[in-house]
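The values are calculated or read from the model by the stated rules, or taken from the named source; none is laboratory data. No experiment lies behind these values; they were computed from the predicted model shown. Here the Cβ is made from the backbone with ideal geometry for all residues, glycine too, and neighbour counts use every protein chain on show. Quick note on the areas: whole protein, heavy atoms, side chains included, nothing else; ligands and nucleic acids left out. Shrake-Rupley method; radii C 1.70, N 1.55, O 1.52, S 1.80 Å.
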Amino acid sequence: MKKLLAIFCTLLSLNAFAHEAHTMGSKNTLAISVAFDSNGKLWRASVRNGFVLVDASEDLGKSFSESVKVNQSEQKIGADGEARPKIAIDSKGNIYLTWTEALKTPFAGYVWFSRSINGGKSFEKPYIVHQDRAEITHRFDALNVAPDGKITVAWVDKRDLMAAKAADKPYYGAAIYYAISADAGKTFAPEQKLADSSCECCRIALTNKPDGTVVAMWRHVFAGSERDHAIAEINSNKPPAIVRASFGHWKIDGCPHHGAALAYGEGFGYHMAYFDGAGDKPSLMVSRMDGEAWVSSPPKKFGNMKNSAGHPALLSLGEKVWLVWKETNAAKETEIYQMKSDDGGKSWDDAKRIFMTKDKADYPQLIENKGKVFLAINTVVEGFNLVPIL
């Protein structure tokens with residue numbers, strides 16, 4: 001294992017900016033996003049030939065409607081790994097989309113937004129969320145629609161890195177910026193910075209507290225280039241309080257291409273699942289956090305690292321918590337495993353395989369419809385699958 005970790009870290013060091021490839025445009029990919037509306041219709045966002053497409057299913061993914069184009073001009077759209085179009089739906093049935101366009105300048109991107117207010121029949125003309133239009137990194141977008149309808153878009157941004165370089169000052173990593181819409185996506189307020197020194201390529205996890213407050217979690221570059229996680233509430237009325245959320249003290253000058261999963265934990269704070277490469281036994285971890293201190297310690301390891309276990313997803317409903325992740329076995333088959341907790345993450349049942357495909361598959365997603373939980377997974381062989389989870 002020490003040898004494998006050394007090789008892994010060496011590759012990261014040699015490819016410290018390899019994460020940039022994750023938002024290079026792709027013609028057709030497995031990367032999708034899905035969401036249920038309040039009527040139980042399943043909506044799916046995907047990318048094909050430079051266009052974001054949206055279609056819907058009324059039979060739990062067995063069949064889909066004819067897809068609708070969101071952008072009318074072809075773009076190089078980030079749709080692989082940590083980068084993908086995002087879809088969210090509010091209580092009124094309005095459909096919101098974000099995605100990252102890869103620009104001509106290497107590693108640069110813009111974050112785009114569009115909405116449908118007619119039930120997905122058509123989408124309004126897309127626009128760029130951020131006011132900063134420099135051809136630099138604005139990428140790895142995350143989308144959240146709060147219960148009150150407020151829309152938050154967050155992304156990784158390198159404007160502060162570029163400014164520091166111009167001033168010949170040190171700056172580590174990138175930054176997290178966000179913009180908020182209070183008018184159902186007609187407009188967004190000017191973007192604000194949530195944090196400096198984020199990791200450059202890992203996806204941002206967003207969730208809501210019961211009062212609608214948006215909470216973000218991301219891989220952060222702490223002192224000494226420790227790539228642990230941070231968490232903060234997004235509140236445009238006061239400066240963010242950034243809290244360290246993981247303590248692996250993984251020192252590495254590179255980006256692991258591996259974002260975290262975050263879910264609200266009823267009555268105490270948050271469930272978190274993430275990859276930690278520290279020490280001689282890198283592992284996936286799951287833990288509880290109350291926002292300022294550990295509730296359960298140490299974090300619980302899960303997954304078979306010999307099978308490249310990674311990219312977990314979490315979903316929490318009261319005391320019940322579901323955790324899934326992806327592995328690739330010796331036969332190059334993709335396997336999805338699950339663990340469940342019935343006591344708010346204090347204890348977990350044994351891992352069990354709930355899905356397998358003989359070829360590649362997208363990262364797993366967990367979605368809920370009227371109290372029923374589903375695994376959403378897009379594959380090369382079987383296409384899209386929506387698997388009920390007990």
For Tyr363, only one of the following conditions fails: (1) in contact with a His (Cβ under 6 Å, 6 or more places away or on another chain); (2) assigned to a strand (DSSP E or B). What is its number? (2)
Tally up the residues in the stretch 8-35 that are modelled with pLDDT of 50 or more and surrounded by fewer than 19 Cβ atoms within 10 Å (Cβ to Cβ), please. 2
Scope the stretch 146-173; condition open to solvent by less than 30 Å² (accessible area, probe 1.4 Å) and either aliphatic (A, V, I, L, M) or in contact with a helix residue (DSSP H, G or I) (Cβ under 8 Å, 6 or more places away or on another chain) (or both); matching residues: Ala146, Ile151, Val153, Ala154, Val156, Leu161, Ala164, Gly173
Against the condition out of contact with any Leu (no Cβ under 6 Å at 6 or more places or on another chain) and in a strand (DSSP E or B), how does Glu101 come out, does it pass? yes
Starting from the stretch 235-256, take each residue that is touching a residue at least 24 places away in the same chain (Cβ under 8 Å) and small (Gly, Ala, Ser) and list its partners that are open to solvent by 20 Å² or more (accessible area, probe 1.4 Å) and in a loop (DSSP other than H, G, I, E, B), counting only C-beta distances under 6 angstrom and pairs at least six apart or across chains. Gly248/Ala278; Gly254/Ala16
Can you give me the number of residues within the stretch 106-123 that are open to solvent by less than 10 Å² (accessible area, probe 1.4 Å), outside any loop (DSSP other than H, G, I, E, B) and not hydroxyl-bearing (Ser, Thr, Tyr)? 3
For Pro126, state whether it is closer than 25 Å to Lys76 by Cα, over 18 Å from the mean Cα position of the chain (by Cα) and touching a residue at least 24 places away in the same chain (Cβ under 8 Å). yes
With respect to Val381, is the statement that it is touching a strand residue (DSSP E or B) at 6+ places or on another chain (Cβ under 6 Å), in a strand (DSSP E or B) and among the β-branched types (Val, Ile, Thr) true? no
Those residues of the stretch 366-383 which are surrounded by 20 or more Cβ atoms within 10 Å (Cβ to Cβ) and not β-branched (Val, Ile, Thr) amount to Leu366, Phe374, Leu375, Ala376, Asn378
Determine whether Pro312 is over 20 Å from the mean Cα position of the chain (by Cα) and surrounded by 20 or more Cβ atoms within 10 Å (Cβ to Cβ). no
If I filter the stretch 328-347 down to residues being without any contact (Cβ under 8 Å) to a residue 24 or more places away in the chain and within 26 Å of Arg84 (Cα to Cα), which single residue comes out as surrounded by the most Cβ atoms within 10 Å (Cβ to Cβ)? Thr328
Under the condition of being open to solvent by less than 20 Å² (accessible area, probe 1.4 Å) and part of a loop (DSSP other than H, G, I, E, B), which residue from the stretch 226-247 is nearest to Ala146 (Cα to Cα)? Ala245
Residue within the stretch 144-156 that is of a type in the set (A, V, I, L, M) and closer than 23 Å to Pro256 by Cβ present: yes
Within the stretch 141-175, count every residue that is part of a helix (DSSP H, G or I) and small (Gly, Ala, Ser). 3
Taking the stretch 124-145 as the region of interest, how many residues are crowded, with 19+ Cβ neighbours inside 10 Å and over 18 Å from Ala216 (Cβ atoms)? 2
The residue that is least open to solvent (accessible area, probe 1.4 Å), considering only those in the stretch 180-225 that are of a type in the set (Asp, Glu) and over 18 Å from the mean Cα position of the chain (by Cα), is Glu191
Tell me, yes or no, whether the stretch 317-327 has at least one residue that is β-branched (Val, Ile, Thr), modelled with pLDDT of 95 or more and surrounded by 14 or more Cβ atoms within 10 Å (Cβ to Cβ). yes
Restricting the stretch 90-105 to residues that are open to solvent by 10 Å² or more (accessible area, probe 1.4 Å) and out of contact with any Ser or Thr (no Cβ under 8 Å at 6 or more places or on another chain), the one farthest from Lys69 (Cα to Cα) turns out to be Thr105
If Gly318 meets every condition in (1) without any contact (Cβ under 8 Å) to a residue 40 or more places away in the chain; (2) farther than 24 Å from Cys201 by Cβ apart from one, which number is that one? (1)
